[in-house]
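I have placed the structure first, in the form of structure tokens, so that the comments after it can refer back to it.
The values are calculated or read from the model by the stated rules, or taken from the named source; none is laboratory data. These numbers were taken from a predicted model, which means no experiment stands behind them. Please note: Cβ atoms are built from the backbone with ideal geometry, for glycine as well, and neighbour counts cover all protein chains shown.
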Amino acid sequence: MSRIAFLGLGQMGTPMAMRLLEAGHDVRVWNRDRDRTVALSQRGASVAVSPSDAAADVEVAITMLATPVAVHEVLFGPSGLAETLGRGQILIEMSTIGPKAFRSVAARLPDGVGAVDAPVRGSVPAATSGRLDIFVGATNDDFERVRPILESLGDVRHIGAPGSGASMKLVVNATLGAAIVAFGEALALATSLRLDRTAVLDVLADSPIGPSVRAKRANVEARRYPPSFKLRHATKDMRLVIEAAEAAGLDLKEARAACAWLDEAVRHGAADLDYSAVVATILSTAEPTASRA
């Protein structure tokens, strides 16, 4: 078993750290809000007083944070993780920050520290049950070192060299954003045509966007959107997709359109709801029209 520091105990980080504890690893946790460390401490995790303290004597440090800015602060800010990391240790960066930000982080790490990017696909239920899809960018040697740890969290795929895991996550996110917006727009069209909602959902569940429909149908039918993946994070992720495309000289019009809808849902106050709440925002544009028909 490995000695692991885990930094970032949000909606996803907490169940991931718990999985590592349950797998028998020696886990030291840190979070800006110390209240979030209590449940893990009660299950046997030790609690660090700072990011730099978290990294002392561990083999691997894992970061699972909300934004590129948060990653840089935790690593390189006062009492940052990088102050303690040294030769032979590995940083596994599991946040969704994009390949540019990951490579910036990797370039600033002390000599001899391995850098692995391993962002995940999946929401809170998948994190809790150890069914995440994990996209890993790493050298072959580093991948073999971290694979037993990551396998406690889900299905592990070695995508390629460092940075390629972060790149693959953006590719996946581009489809996720497009699919949920397509779901909302299809329902909006069906509403304006006065089609039966249940019949439409049944048909869409067997359509090309079926996985998104089946996963989020209950939310739409109940008009309740408890967060398993917050809309604010989905919006941030789509912005990363657009930024990466622009850097490559691409204009991804569908990604821009999806991001515009997600931004609008945030402006309507849905930032801390599930990302599928964008469907409600899209539907709100059609329902008044349908009522006048």
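Assorted remarks:
- Selected residue [within 20 Å of L109 (Cα to Cα) and at pLDDT 95 or above] from G24, G13, G77: G77
- Residues within the range 40-62 that are of a type outside the set (G, A, S) and more than 16 Å from L21 (Cα to Cα), tallied: 4
- Qualifying residue in the range 185-192 (condition: crowded, with 19+ Cβ neighbours inside 10 Å, hydroxyl-bearing (S, T, Y), closer than 26 Å to T235 by Cβ and not assigned by TED's automatic domain parsing to the domain that holds L9): yes
- Of residues in the range 216-262 being within 19 Å of the chain's Cα centre (by Cα) and β-branched (V, I, T), the one surrounded by the fewest Cβ atoms within 10 Å (Cβ to Cβ): I242
- Selection count, the range 222-234, where residues are charged (D, E, K, R), at negative phi and in contact (Cβ under 8 Å) with a residue 24 or more places away in the chain: 2
- Pairs, first in the same structural domain as H233 (by TED's automatic domain parsing) and closer than 23 Å to M168 by Cα in the range 245-273, second in a loop (DSSP other than H, G, I, E, B) and aliphatic (A, V, I, L, M), C-beta under 6 Å, six or more apart: A245/L252
- If you go through the range 139-161 and keep only what is small (G, A, S) and at negative phi, you end up with S152, A161.
- Note on the range 144-238: enclosed helices (runs of 4 or more DSSP H) holding 2 or more residues that are within 17 Å of A126 (Cβ to Cβ) and in contact with a strand residue (DSSP E or B) (Cβ under 9 Å, 6 or more places away or on another chain) are 164-192, 210-222.
- For the range 14-30, a residue qualifies if it is farther than 19 Å from G86 by Cβ and either assigned by TED's automatic domain parsing to the domain that holds D272 or touching a strand residue (DSSP E or B) at 6+ places or on another chain (Cβ under 7 Å) (or both), and the qualifying residues are A17, L20, L21, H25, V27, V29.
- Pairing each residue of the range 113-136 that is touching a residue at least 12 places away in the same chain (Cβ under 8 Å) and in the same structural domain as L21 (by TED's automatic domain parsing) with any residue that is among the hydroxyl-bearing types (S, T, Y) and surrounded by fewer than 24 Cβ atoms within 10 Å (Cβ to Cβ), provided the two are 6+ apart or on different chains, yields C-beta distances under 8 Å for G114/T139; D117/S164; S123/S228; V124/S228; P125/S228; G130/S152; F135/S164.
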